[in-house]
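A.B. asks: This is the structure I want to talk about, given as structure tokens.
The values are calculated or read from the model by the stated rules, or taken from the named source; none is laboratory data. Since the structure is predicted, the reported quantities are computational estimates derived from the model, not experimental observations. Quick reminder, even Gly has a Cβ in these numbers, built from the backbone with ideal geometry, and neighbours come from all protein chains shown.
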Amino acid sequence: NIFADAKTKWAEVSWDEVAARNPDVIILADLTRGEPNDTAKEKIALLKKDPLTSKLAAVKGDKFITIPGSHMDPSYGSASTVPIVTASLFGSANIRPLDVVSTILRHIGLGGIAPTPPLPGLLDALIWESRFPRVLLAVAIGMALAVSGAVLQAVTRNPLADPYLLGVSSGASTGAVAVLLLGIGGSVSLSTGAFAGGLVSFGLLLLLLGGGRVASPSRVVLTGVLVSQFFAGVTSVILMVNGDANSTRGFTYWLLGTLGGARWEGVTVTVLIILAGVVA
């Protein structure tokens, strides 16, 4: 980013200033809204035609990165790759944005348009093996939560329904803490215990609502709050009676969640499970 140190907004930067800094690569949005000079092809033609911009190193060497408009304009409704790449820029190591873009392009087979030379192996692994899997896993989990929320609202016929309001989350917490502190299930993992607890709480909710009978939205919400408070109380009692400082801290950390251990294997499995759930 040749204007990373600029104090003005991009809209206030003139082409004279761009020419003065002579960028090595230019990123263009390829829009298709029917407006003049919207497409990347039209923009490149203008840059080559203009006496000022035609002298830029990026223009002379045809160093352009084209980003589809659907990835730039939220109104197009498709998932945007720009936030995904942008999120990969942040971390403890100070890596230039173009180096991050180049690393990702090389790993997906587009190294020919990479704007910068390859990074050292350690930095390359930091981006591709650490940062990028975390970002993709966060996107996948977000998609799963959105779909599950929509399904839950459709099943209960209540636009206010969510796992917290209906007690599913509280039940999952109880299942996890029962596995962690009470040893229920033997070698069962925390995730399995949480899943079982969520099923139990949702089953209790349906039982209190009268099985398959249609209940009013207000009754569903009030019953969900009742179930949620019950399992929250059970969780608190288990922590108070059986928990110590370390186990309580570990359980709280588990509840908050983390993407720190995300790797490609986990991302692949998660995406496959989410796709199977969506199709089913």
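A.B. asks: Can you tell me which of 187, 173 is of a type in the set (Ser, Thr, Tyr) and either part of a helix (DSSP H, G or I) or surrounded by 20 or more Cβ atoms within 10 Å (Cβ to Cβ) (or both)?
C.D. replies: So the residue among 187, 173 that is of a type in the set (Ser, Thr, Tyr) and either part of a helix (DSSP H, G or I) or surrounded by 20 or more Cβ atoms within 10 Å (Cβ to Cβ) (or both) is 173.
A.B. asks: Could you list, in sequence order, all residues of the stretch 106-118 that are modelled with pLDDT of 85 or more, out of contact with any Lys or Arg (no Cβ under 9 Å at 6 or more places or on another chain) and not in a helix (DSSP H, G or I)? Break it down stepwise before answering.
C.D. replies: We begin by selecting, within the stretch 106-118, every residue modelled with pLDDT of 85 or more; these are 106-109, 117-118.
From what is left, the residues that are out of contact with any Lys or Arg (no Cβ under 9 Å at 6 or more places or on another chain) are 106-109, 117.
Matches in the stretch 106-118: 108, 109, 117.
A.B. asks: Just give me the residues in the stretch 229-252 being farther than 16 Å from residue 193 by Cα and at pLDDT 90 or above, in sequence order.
C.D. replies: The answer is 229, 230, 233, 236, 237.
A.B. asks: Scan the stretch 154-170 residue by residue and report those that are under 25 Å from the mean Cα position of the chain (by Cα), crowded, with 17+ Cβ neighbours inside 10 Å and outside any loop (DSSP other than H, G, I, E, B).
C.D. replies: 168, 169, 170 - these are the residues of the stretch 154-170 that are under 25 Å from the mean Cα position of the chain (by Cα), crowded, with 17+ Cβ neighbours inside 10 Å and outside any loop (DSSP other than H, G, I, E, B).
A.B. asks: Could you check, for the stretch 103-115, whether at least one of its residues is surrounded by 19 or more Cβ atoms within 10 Å (Cβ to Cβ), among the charged types (D, E, K, R) and either in contact (Cβ under 8 Å) with a residue 12 or more places away in the chain or more than 30 Å from residue 217 (Cβ to Cβ) (or both)?
C.D. replies: There is no residue in the stretch 103-115 that is surrounded by 19 or more Cβ atoms within 10 Å (Cβ to Cβ), among the charged types (D, E, K, R) and either in contact (Cβ under 8 Å) with a residue 12 or more places away in the chain or more than 30 Å from residue 217 (Cβ to Cβ) (or both).
A.B. asks: Considering only the stretch 241-254, how many residues are surrounded by 10 or more Cβ atoms within 10 Å (Cβ to Cβ) and either under 14 Å from residue 178 (Cβ atoms) or touching a strand residue (DSSP E or B) at 6+ places or on another chain (Cβ under 8 Å) (or both)?
C.D. replies: Residues that pass the stated criteria total 5.
A.B. asks: Here is a further query. Could you say which residue among 230, 195 is aromatic (Phe, Trp, Tyr) and more than 30 Å from residue 134 (Cβ to Cβ)?
C.D. replies: Working: 195 fails: more than 30 Å from residue 134 (Cβ to Cβ).
After ruling out the rest, the residue left standing is 230.
A.B. asks: Out of all the residues in the stretch 253-280, which are modelled with pLDDT under 85 and over 26 Å from residue 87 (Cα atoms)?
C.D. replies: 277, 279, 280 - these are the residues of the stretch 253-280 that are modelled with pLDDT under 85 and over 26 Å from residue 87 (Cα atoms).
A.B. asks: Only one of (1) surrounded by fewer than 16 Cβ atoms within 10 Å (Cβ to Cβ); (2) more than 30 Å from residue 159 (Cβ to Cβ) fails for residue 225. Which number is that?
C.D. replies: Condition not satisfied by residue 225: (2).
A.B. asks: If you go through the stretch 122-144 one residue at a time, do you hit one that is among the basic types (Lys, Arg), in a helix (DSSP H, G or I) and free of Cβ contacts under 8 Å to residues at least 12 places away in the same chain? Write out each step before concluding.
C.D. replies: Of all residues in the stretch 122-144, those among the basic types (Lys, Arg) come to 131, 134.
Going one step further and asking which of them are in a helix (DSSP H, G or I), we end up with 131, 134.
Cutting the leftovers down to free of Cβ contacts under 8 Å to residues at least 12 places away in the same chain gives us none.
No, every residue in the stretch 122-144 fails to be among the basic types (Lys, Arg), in a helix (DSSP H, G or I) and free of Cβ contacts under 8 Å to residues at least 12 places away in the same chain.
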